1. Beyond a 23 Å Cα-Cα separation, which of these cross-linked pairs lie in this structure: 78/398; 143/296; 286/416; 497/583?
2. Compute the Cα gyration tensor for region 369-516, then decide on rounded, prolate or oblate, letting a ≥ b ≥ c be the square roots of its eigenvalues: rounded whenever a/c is under 1.5, prolate when a/b is larger than b/c in the other cases, and oblate in all that remain.
3. Which order do 345, 393 fall in if you start with the one that has the fewest other Cβ atoms within 10 Å?
4. Decide, for region 483-525, between rounded, prolate and oblate: order the square roots of the alpha carbon gyration tensor eigenvalues as a ≥ b ≥ c, take rounded if a/c falls under 1.5, and otherwise choose prolate if a/b is larger than b/c, else oblate.
5. Treating cross-link reach as a plain straight distance, find the aspartates and glutamates whose alpha-carbon is under 12 Å from the alpha-carbon of residue 386, omitting any fewer than eight places away in the same chain.
6. Need the full-extension length gain, residue 624 to residue 111, defined as separation in residues times 0.36 nm minus the C-alpha distance. One decimal, nm.
7. Quick one: grab the alpha carbon gyration tensor of region 157-297, order the square roots of its eigenvalues as a ≥ b ≥ c, and give me rounded if a/c is under 1.5, else prolate or oblate depending on whether a/b is larger than b/c.
8. Give the aspartates and glutamates whose C-alpha is closer than 20 Å to that of residue 255, dropping any in the same chain fewer than 8 places away, or say none.
Amino acid sequence: MKVKSTLIATAISALILSGCSRGTDNTAEQNTMTSAESTVTQTATDNPAKVSQETIKQTKQMFEDFFQEHLSRSPEFKTFLGIKEDYDKWNDLSQQFAEETLTINKRQLAELKTIDPEKLDSATRLSLRLAKRNLEQDIEGYKWRHHGYPVNQMYATHTSAASLLISQHRIDNASDARAYISRLNGLPEYFSQLEEKLRENAKAGTIVPKFAFPYAISDAKNLISGVPFGGDTDSPLLADFKGKVEKLDIAVEEKKALVDQATAALKNRVKPAYEKLIAYLQQLEKDATTDDGAWKLADGEDFYNFRLGVYTTTDMTADEIHQIGLKEVARIHEEMREIMKKVGFKGTLQEFFEFMRTDKQFYYPTSEEGKAAYLKKATAIINTMKGKLDQLFITKPKADLDVRAVEPFREQSAGKAFYQRPAPDGSRPGIYYANLYNMEDMPTYQMEALAYHEGIPGHHMQLSIAQELPDIPKFRKYGSYTAYTEGWGLYSELVPKELGFYEDPYSDFGRLAMELWRAGRLVVDTGIHSKRWTREDAINYLVENTPNPKGDVVKAIERYIVLPGQATAYKIGMLKIVELREKAKSALGEKFDVRAFHDTILANGAVPLDVLEELVDDWVAEVKAQQ
């Protein structure tokens with residue numbers, strides 16, 4: 001693969017949706033982290049005669065200073081990191097702030113370009129290379145600042161604000177509670193900036209497709225339903241605040257006063273803020289169309305190509321990606337037909353899909369008991385995999401992992417499953433969220449693959465290890481490249497198969513179904529945004545070519561529409577990781593150690609795919625040199 005530019009590690013807003021905790025085996029972790037550090041630093045490209053320890057020190061300090069400069073401008077990212085500074089504030093969404101950020105990025109890039117790479121050791125040189133690429137792409141991306149959808153059914157400012165308060169704003173004392181109340185009181189101004197951003201986007205011709213509005217409006221209404229707005233049960237924010245304050249070791253009178261202040265903020269500030277936003281969204285909805293692809297936007301083809309480069313970290317064209325998707329779909333269909341033979345199913349593949357969609361044996365009931373059973377089983381799957389990690393990994397994360405259902409206030413619009421990284425200070429574990437709103441969208445035969453992807457050995461391993469690495473700069477600890485991250489997640493669905501998991505043929509079919517889903521994404525994402533497929537065209541393709549339920553398909557297609565290019569990263573990343581593993585196996589023969597290969601992949605943090613290939617090639621060369 002040829003490589004273009006990389007995902008923006010300094011784009012703070014993209015990181016706020018993530019979240020971390022420590023495990024118990026500290027001694028083992030110290031040992032494995034030494035291994036991780038050596039993976040980062042051992043290459044044969046240093047020139048000792050030119051390397052300057054002073055330049056290395058200055059460069060590392062520059063990375064830290066630049067990271068802190070961006071961090072100082074993001075109260076929400078501070079909260080994600082567990083830093084209680086600006087704990088009462090929201091991010092600045094204004095155009096002026098965006099322009100200031102561009103100026104900062106240009107200045108930082110100019111300073112990085114003054115550094116002589118030959119004076120650096122290999123690890124710092126790699127960080128310099130990534131830092132420059134990240135900033136270059138951030139600067140390039142500024143011209144597309146009006147092409148995004150800040151309010152959509154997947155990620156919306158008005159729901160992420162509530163999610164941050166509920167999931168990330170800890171209340172350890174009365175001061176934290178007052179900061180929470182201040183954030184509630186600050187929502188009108190925050191949403192006014194959001195509304196202005198939506199207006200500017202609309203002027204540029206960017207309005208989210210019509211289907212997204214009911215979801216966004218419904219989520220907003222859910223957040224102002226219940227006490228103190230009406231009804232019999234507490235609203236999501238009041239319930240969260242009361243639950244956190246109740247645990248404080250303070251006088252009962254002070255707890256009551258804090259709850260009263262929060263209640264007043266909810267009634268007098270939060271409710272009007274959401275109502276005003278809802279009114280604007282209802283007005284904006286009248287101008288929305290049913291054209292779904294990025295092609296409808298100003299310079300839409302160039303924008304989509306940019307997003308493909310961001311998400312895949314390659315310069316592959318939409319047509320190339322589309323063709324890869326078609327070939328992968330055909331290959332996986334053949335493997336599924338082998339499963340059909342194993343279970344004795346008589347009929348066509350499409351008839352088998354219908355059987356898997358509808359047979360009650362594959363679904364828990366949509367009831368509290370059914371949801372609890374799903375979470376219990378998903379937890380058991382992850383716990384079993386934990387016992388096998390020594391066979392696959394040298395480096396393992398300290399952070400623990402929880403399995404939770406998506407919160408009710410956002411479950412109707414949220415995706416099928418997702419992962420929130422742990423808080424770096426150990427105050428919050430990694431979380432695998434399963435969306436149990438409609439259990440017919442969560443078949444049991446996909447449980448294993450989902451748990452492996454979102455939890456262990458998937459996102460939890462990769463993201464937790466990355467932010468626990470001792471010798472890489474923070475912009476790399478918390479940065480991300482979607483092809484790498486999601487490629488690892490999809491690769492992690494395959495690895496357990498090689499350990500003997502997926503013993504049930506139906507579960508193995510579920511693994512293939514999940515891979516087929518990602519292969520289909522290559523087809524429909526490029527179909528929608530490049531080939532001008534309609535929403536219905538894309539839905540029909542996945543219904544005909546995958547076993548996923550219709551509701552699952554509709555939600556997925558709507559996701560791909562509002563996140564152009566993102567869905568292509570999974571399969572492109574996985575294919576590269578598998579390609580690199582097979583290449584290393586062929587080169588090393590009996591010397592190939594899958595644990596060392598996984599360390600090479602994970603213990604350098606997230607990197608673009610071309611850099612990943614270089615790291616693997618260096619590791620192979622190093623192992624060969626030791627023979």
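1. Numbers: 78/398 21 Å; 143/296 17 Å; 286/416 29 Å; 497/583 20 Å.
Listed pairs above 23 Å: 286/416.
2. On the way: a/c = 1.74, a/b = 1.27, b/c = 1.37.
It is oblate, given that a/c is not under 1.5 and a/b is not larger than b/c.
3. Least to most surrounded, the residues fall as 345, 393.
4. Numbers: a/c = 4.49, a/b = 1.47, b/c = 3.05.
Judged from the Cα gyration tensor, region 483-525 comes out oblate (a/c at least 1.5, b/c at or above a/b).
5. Within reach: 400.
6. Values: separation 513, 0.36 × 513 = 184.68 nm, distance 3.83 nm.
Going from the current span to full extension adds 180.9 nm.
7. Details: a/c = 2.77, a/b = 2.42, b/c = 1.15.
Here region 157-297 falls in the prolate category.
8. The reachable aspartates and glutamates, counting only those whose Cα sits under 20 Å from residue 255, are 88, 172, 176, 234, 240, 246.
Each value in this text was obtained by applying a stated rule to the coordinates, not by laboratory testing. Predicted, not measured: the structure shown is a model, and the values here were computed from it. Please note: Cβ atoms are built from the backbone with ideal geometry, for glycine as well, and neighbour counts cover all protein chains shown.
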